[in-house]
Every structure is written in structure tokens, then in C-alpha cells.
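Below is one structure, written out as C-alpha cells; the observations come after it.
Nothing in this text is a laboratory measurement; each read-out follows from the coordinates by a stated rule. Only a predicted model underlies this, so the values are computations on that prediction, with no experimental measurement involved. Glycine also receives a Cβ, built like all others from the backbone with ideal geometry; neighbour counts cover every protein chain displayed.
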Amino acid sequence: MTRGSVLAALTLFASMEIACGDGTPSPATLDTKNDACSSCRMTVSDQRLASQIVAPGEEPRFFDDLGCLRKFLDEHQLRDAVVYVADHRTGEWTPASGAVYARLARASTPMASGLIAHATQASRAQDGAAAGSAPVEAGDVLGHSRIAERQRP
């Protein structure tokens, strides 16, 4: 290979790296039959109530209840990690830092926290199960200073 072709290959590789994303870890796929909560060890059986922490080079940590996520975050400092929560209505993963949180009138979550998340206020409004729920500040779920989450630009 000539020096020019090596430089061209390196430039192409760097361009592909930039085009493929910002390096922020993507959410992992939840296996509702086998993945256990990283806090209480129960099977994470309902995608709509789940959350996860992903970090480069580490296995994802799943949680079956936002109360379990909150407990874990209270006890651990995260670096270069991203927290995702499932939209209660759709089950789709959304970054926890931008999610909308609520507490259900009836605590029908695995560990009885009653906490649910939605990607947006509109999703919460469309979720019949969220009717009568009370808004909860993100800091009350994620903690105010324990999370050093990587943010998307």
C-alpha cells in the first residue's frame, strides 16, 4: 500500500466513525424471560416498567422498577454511562435525562414504587394507565448529583 492509500483508508475509517454516531452507548435489548434486575434480582418481566444503564465495555444493568434504578443510583456513581427508561405507553427506550416521570395512583409496579416514565408529555397524555398519576421530578428518580451521564450533543 502506498502512503496515499493508507491515508485515504484512515480518512474513510474516521469518516465512518463520525457518521456512525457520537459514541454514546445505545440501549441494549431486554430479554424479559432471562434478564434480572441489578438491584432486587427479580426477572425484568415488563418492558414498559424497565430501565437500564449502559456503559462502554460493560454489560448492561437492567432494572424492573424505577424504584430499583433510584436505589442503585443512590449507591453508585456512574461515569461514561447512559441511563435509559422505557416509555410506559410504547415500551421504547428513551434517555432518562429527558424523560417525563409520574407516580401511579395505585402502585402497580414490581417493587411498588408506582413510578413510570414516558418519552414526552404527549406520550404520558396518551397513556390511559397514567390517568390520575402525579408528576414526579426527574431528580427524584435519578438523584440530583449521583449521575454523571453522557449527554447527546
### Message
Under the rule a/c < 1.5 gives rounded, and otherwise a/b versus b/c splits prolate from oblate, where does segment 45-84 land using the Cα gyration tensor?
### Response
oblate
### Message
Neighbour counts of other C-beta atoms within 10 Å: give me D74, D140 arranged from fewest to most.
### Response
D74, D140
## Note on the structure
So the compactness index of segment 101-144, its C-alpha Rg divided by 2.2 N^0.38 Å, takes the value 1.09
### Query
How do S45, S123, S108 line up, fewest other C-beta atoms within 10 Å first?
S108, S45, S123
### Query
About the Cα centre of segment 33-153, what is the dipole size in debye to 20, counting +1 per Lys and Arg Cβ and -1 per Asp and Glu Cβ, all else neutral?
140
### Message
When 1/r is averaged over all different Cα pairs and the result inverted, which Kirkwood radius in Å belongs to segment 24-149?
### Response
14.2
### Mean Cβ count within 10 Å, highest first, over the residues of peptides 89-99, 57-67
57-67, 89-99
